[in-house]
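The values are calculated or read from the model by the stated rules, or taken from the named source; none is laboratory data. On a predicted model such as this, the values are computed, not experimentally measured, just so you know. Using ideal geometry, Cβ is built from the backbone for each residue, glycine included, and neighbour counts are taken over all protein chains shown.
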Amino acid sequence: MTTDVLIIGGGLMGSSTALQLAMRGYQCTIIEKASPGRHSSGVSAGGLRQLNRDPAEIPLTVESAKMWRDIESLLDSDCDARFPGQLRVAENKADMEKLEQRAALVRSLGYHHEEIIDKKELYQLVPALGPGCVGGLICREDGYGRPYHTVTAFRRKAESLGVKYQTGTEVYSIRKDGDDWQLRTSQGMFSSSILVNCAGAWANQVSTMLDEPVPLTPKALALMVTERLPHFVDPVMGAASRKLSFKQMQNGSLIIGGALIAKLDFEKEKTEIDWLQMAKSANTVVSFFPQLKDVRIVRAWGGIESFMPDNIPVLSASQTYSNAYHAFGFSAHGFQLSPVVGKVMSELIIDGKSSIPLDSFHISRFNK
Amino acid sequence: MNNHYQLVIIGGGPAGLAAAATASAQGISCALLDEQPEPGGQIYRSIESVPDQRAQKLGSEYLRGKKLAAAFRECDAEYYPETRVWSLNKELEIGIIRNDEASMITADQIIIANGAMERPVPFPGWTKPGVMQAGAGQILFKTAGVVPDNGVVLAGSGPLLLLLAWQYLHAGVEVKALLDVTPLSNHLSAMPKFPRAILAHHYLTKGIGYQIELKRAGIPMLFGVSDLRAEGDEQLQTVCFKHSGKQKTIESELLLTHFGVIPHTWLSQAAGCKHKWDNSQQCWRPEHDEWGNTNIPGIMVAGDGAGINGGRSAEHAGRLAGFESLFALGLLTQEERDKLAAKDIKWKRDERHIRPFLEAYFQIPKSLLATTDNDTVICRCEEVTAGQIREAVQHGHDNSNQVKFFTRCGMGPCQGRQCSNAVAHIVADESGEAVADMGHFRGRPPVSPLTLGQLAALDKEESV
């Protein structure tokens, strides 16, 4: 089968890239080894967060936030996105200083989406918060969406523009034959003139086939969810110096995360919850919100995600082959970036240059 | 309670009790954990405390549990009633909750003997107050002697339905009708299995005996019933169904349904044991060998949780797993194990004679397993309807787990126990694929809910 573009990986980034390319008239086929959104794309916490990102990511996250505001016009679905803000709480003076420095850094880069709030405003915003906190850093435009719905929305919109999803298809080898890419897969041969690597936690296997291995570490990130509760908190809660991330979803259940790592058997693609880690997280939640101690946890799970050593993604042309591109390594914060990634990757592929500079994300940064 | 045992048995029904009595005889450290306050499991629930008069009404098969419970009380196994297992993994770590406190213990060998559950079959109106599973009716009867005041309609399929009708008859309950939804065509398809079933004729004669008594008592027994619906405004008022080509109704405040039992696989799934779809029993069950060994070293399954074979068979399976764990722990040689186990192996095989016939005879029709009524709620926790599930399939979510991701069905506190099978059947029906290929919901821990406070207390360094 021959197409303009073959994209390896049918998660958020592959689907978003395919959609944008299709919107500009390119024929795309996605090669997905399982089903779209099977791993981190579909099972993440769904945070729409500009707050506290690596400075290199700020131009991307700000543009993506604009796209999220109007996601329905892009995807014909609101992806259940809500924008009650994201907040990092300071528990003491040292925390507050840390947050103030952060806010100053963001301002110095010419952005204003991260704001300091004082104790009074903090407790106005989150009256349920336990006593003793002194203030916080907020991004009022932030929020959350539903990950699997978002993958599905991207897929359905992409399919409506002619993108083909070749699911249950594993890539065995990649070969360049003249100007064409030849992929040998579990479902036969596929060829194209352009190749994009959006393989998430498996992206290093693809980039290794392109003779440019990367220091990617697959890890399983864990989340737990509680029974439904009456509405009691709006913003997504984080903390300045402790591992905390939790939000109350539309249905009332709480999703608790915060860089909790589960045990991972990468070969078998099996994750297993490490309850002692979860216990630490439960402890943090209960110390901020003591009234939650009798709330029942109904489910915990791990999703397999790609981590780079510097915790920012690779968004780049290949340095070994022409007409090969990479978008992976989102290191547990790709959900919010997914709309803009498709946009910049399509620009990079079609125009040779993206409207937002991507220098920090080049694959060559790992050359030694 | 210690934090390590050579053998931990989960479940205090016939399999667990027999396993404990067998294994602890050799002086190993052994603990039996059970959710119930008393030994007996579902089948022999309240066996130690039930008044004689009520016990007689429950029948001779129930009284069999007395001996089993007594032998267990005699043995050296430590007994932890009202203890819930919320986590189990392949490293043989067991998360438990006892006296409201969570803890983790480990074992060298684990026997999962957590039995069966009633097969949840969603039909129009099944979530209405006044519609319950027959097992719930039995629990109320066994534990508290509670029986329906204003009569009851029984509907469904399988031996338990007949047994409950018989028990109610003897307890003086008005059984307004017994509606058997087993398709008449099953009688034909079960015939080839009948000769083997004759080897277990005591089960057949018992079943026929119940039917004759019910008939004599004038209880209407309708066979080949279809299109079952529960109707009423707030509460059940009318049971509607089709029989002999005609629409019929019965006024009733209570409808007890039963559609057979399926293995409780949530623990074996949590541990990562391999499961397979059993076409004959219409359910998922863990793969295991004759002794109960699963593919995870050290984890065994015994009793109905390993596949439905009934209470007597569970007892034999429990003993076999007990012998096998002693062998695994180095306390028996293979020869000794085989010699000790010979009788149980034979008896367990004999118990199996009746099963292929029963499974074919009581095979639940697809029209019930995969309802075509789009308004019927399938996932009660997240309120997902059959229509939403079928729509998700139409949108390209073509297996149970993708449908779960998309619709949230199976994500509530019951963890999909009530809807997992129904979803698989509906997805299979809508996509035209085999149920076996739809997969069961990937089990997500905890196996049963625990609170944030209970979990937080596991973090010893900085307890709140």
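I need the full set of residues from segment B:211-226 which are free of Cβ contacts under 8 Å to residues at least 24 places away in the same chain and of a type outside the set (A, V, I, L, M), in order please. Steps first, answer last, please.
Taking segment B:211-226 first, the residues free of Cβ contacts under 8 Å to residues at least 24 places away in the same chain are B:212, B:215-216, B:218.
Within segment B:211-226, B:LYS215, B:ARG216, B:GLY218 meet the criteria.
From the set of residues in segment A:262-273 that are surrounded by fewer than 19 Cβ atoms within 10 Å (Cβ to Cβ) and in a loop (DSSP other than H, G, I, E, B), which is nearest to the other protein chains (Cβ to nearest Cβ)?
A:LYS268
What are the pairs, 6+ residues apart or on separate chains, where a residue within segment B:60-75 that is at pLDDT 85 or above has its Cβ under 8 Å from a residue that is among the polar types (S, T, N, Q)?
Here the result reads B:CYS75/B:SER24, each pair linking segment B:60-75 to a residue that is among the polar types (S, T, N, Q).
Can you name every one of the strands (runs of 3 or more DSSP E) wholly within segment A:191-261 that holds 3 or more residues which are surrounded by fewer than 17 Cβ atoms within 10 Å (Cβ to Cβ) and not polar (S, T, N, Q)? Explain how you work it out, then say what you get.
On the way: elements: A:217-228, A:236-239, A:245-248.
Filter on segment A:191-261 gives an empty set.
Taking the residues in segment A:301-315 that are in contact with a helix residue (DSSP H, G or I) (Cβ under 7 Å, 6 or more places away or on another chain) and surrounded by fewer than 23 Cβ atoms within 10 Å (Cβ to Cβ) as candidates, determine which candidate is nearest to A:HIS231 (Cα to Cα).
Applying the first criterion (in contact with a helix residue (DSSP H, G or I) (Cβ under 7 Å, 6 or more places away or on another chain)) to segment A:301-315 yields A:301, A:303-306, A:312-315.
Applying the additional criterion that residues be surrounded by fewer than 23 Cβ atoms within 10 Å (Cβ to Cβ) yields A:301, A:304, A:312.
On the way: A:TRP301: 24, A:ILE304: 30, A:ILE312: 34 Å.
In this case the residue turns out to be A:TRP301.
For segment B:238-248, does any single residue satisfy the condition of being assigned to a loop (DSSP other than H, G, I, E, B) and in contact with a strand residue (DSSP E or B) (Cβ under 7 Å, 6 or more places away or on another chain)?
Applying the first criterion (assigned to a loop (DSSP other than H, G, I, E, B)) to segment B:238-248 yields B:244-245.
Cutting the leftovers down to in contact with a strand residue (DSSP E or B) (Cβ under 7 Å, 6 or more places away or on another chain) gives us none.
Checked segment B:238-248: no residue is assigned to a loop (DSSP other than H, G, I, E, B) and in contact with a strand residue (DSSP E or B) (Cβ under 7 Å, 6 or more places away or on another chain).
Can you name every one of the helices (runs of 4 or more DSSP H) wholly within segment B:375-464 that holds 2 or more residues which are within 14 Å of another protein chain (Cβ to nearest Cβ), within 20 Å of A:TRP301 (Cβ to Cβ) and touching a residue at least 60 places away in the same chain (Cβ under 8 Å)?
Working: elements: B:386-394, B:400-407, B:420-431, B:452-456.
Counting at least 2 such residues, we get B:452-456.
List every residue pair whose Cβ atoms lie under 8 Å apart, where the two residues are 6 or more positions apart in sequence or sit on different chains, the first residue falls within segment B:296-318 and is assigned by TED's automatic domain parsing to the domain that holds B:ALA19, and the second residue, located anywhere, is hydroxyl-bearing (Ser, Thr, Tyr) and crowded, with 24+ Cβ neighbours inside 10 Å.
Close Cβ pairs satisfying both conditions: B:ILE299/B:SER268; B:MET300/B:SER325; B:VAL301/B:SER268; B:GLY303/B:SER313; B:GLY305/B:THR265; B:GLY305/B:SER268; B:GLY311/B:TYR44; B:GLY318/B:THR22.
Residue under question is A:GLU63, and the condition is that it be buried (at least 23 other Cβ atoms within 10 Å of the Cβ) and either out of contact with any Pro (no Cβ under 6 Å at 6 or more places or on another chain) or not assigned by TED's automatic domain parsing to the domain that holds A:LYS343 (or both); does it hold? Spell out the reasoning first.
Details: buried (at least 23 other Cβ atoms within 10 Å of the Cβ): no; either out of contact with any Pro (no Cβ under 6 Å at 6 or more places or on another chain) or not assigned by TED's automatic domain parsing to the domain that holds A:LYS343 (or both): yes.
No, not satisfied.
Look through segment B:346-397, keep the residues that are within 30 Å of A:LEU229 (Cβ to Cβ) and charged (D, E, K, R), and return whichever of them is farthest from the chain's Cα centre (by Cα).
B:GLU391
Could you grab me the full set of residues in segment B:94-111 that are within 14 Å of chain A (Cβ to nearest Cβ) and under 24 Å from the mean Cα position of the chain (by Cα)? Lay out the reasoning, then the answer.
Taking segment B:94-111 and keeping what is within 14 Å of chain A (Cβ to nearest Cβ), we get B:94-97, B:100-106.
Of everything in segment B:94-111, those that are within 14 Å of chain A (Cβ to nearest Cβ) and under 24 Å from the mean Cα position of the chain (by Cα) turn out to be B:ILE94, B:GLY95, B:ILE96, B:ILE97.
Does segment B:39-55 include one or more residues that are under 19 Å from B:ALA328 (Cβ atoms), assigned by TED's automatic domain parsing to the domain that holds B:VAL85, out of contact with any Gly (no Cβ under 9 Å at 6 or more places or on another chain) and not acidic (Asp, Glu)?
no
Would you mind finding the one in B:GLY137, B:GLY151, B:GLY145 that is closer than 19 Å to B:ILE47 by Cβ and either surrounded by fewer than 18 Cβ atoms within 10 Å (Cβ to Cβ) or not assigned by TED's automatic domain parsing to the domain that holds B:SER226 (or both)? Step through it out loud before you land on a result.
Details: B:GLY137 fails: either surrounded by fewer than 18 Cβ atoms within 10 Å (Cβ to Cβ) or not assigned by TED's automatic domain parsing to the domain that holds B:SER226 (or both); B:GLY151 fails: closer than 19 Å to B:ILE47 by Cβ.
Just one listed residue meets the conditions, B:GLY145.
Please note which helices (runs of 4 or more DSSP H) are completely contained in segment B:13-107 and include at least 2 residues that are among the polar types (S, T, N, Q).
B:14-24, B:52-58
State the number of residues belonging to segment B:30-83 that are within 23 Å of B:GLY207 (Cα to Cα) and over 18 Å from the mean Cα position of the chain (by Cα).
The total comes to 12.
Looking only at segment A:279-297, count every residue that is at the interface with chain B (Cβ under 7 Å from one of its Cβ atoms) and either in contact with a Pro (Cβ under 9 Å, 6 or more places away or on another chain) or β-branched (Val, Ile, Thr) (or both) and tell me the total. Outline the logic, then answer.
Step one: of segment A:279-297, the residues at the interface with chain B (Cβ under 7 Å from one of its Cβ atoms) are A:279-280, A:282-283, A:285-287, A:292-297.
Subset that is either in contact with a Pro (Cβ under 9 Å, 6 or more places away or on another chain) or β-branched (Val, Ile, Thr) (or both): A:285-286, A:295-297.
Matching residues across segment A:279-297 total 5.
Tell me yes or no: at least one residue of segment B:164-184 is assigned to a loop (DSSP other than H, G, I, E, B), small (Gly, Ala, Ser) and without any contact (Cβ under 8 Å) to a residue 12 or more places away in the chain.
The initial filter retains those residues of segment B:164-184 that are assigned to a loop (DSSP other than H, G, I, E, B), namely B:171-174, B:181-184.
Keeping just the survivors that are small (Gly, Ala, Ser) gives B:171-172.
Subsequent filtering for residues that are without any contact (Cβ under 8 Å) to a residue 12 or more places away in the chain retains none.
No; the residues of segment B:164-184 include none that is assigned to a loop (DSSP other than H, G, I, E, B), small (Gly, Ala, Ser) and without any contact (Cβ under 8 Å) to a residue 12 or more places away in the chain.
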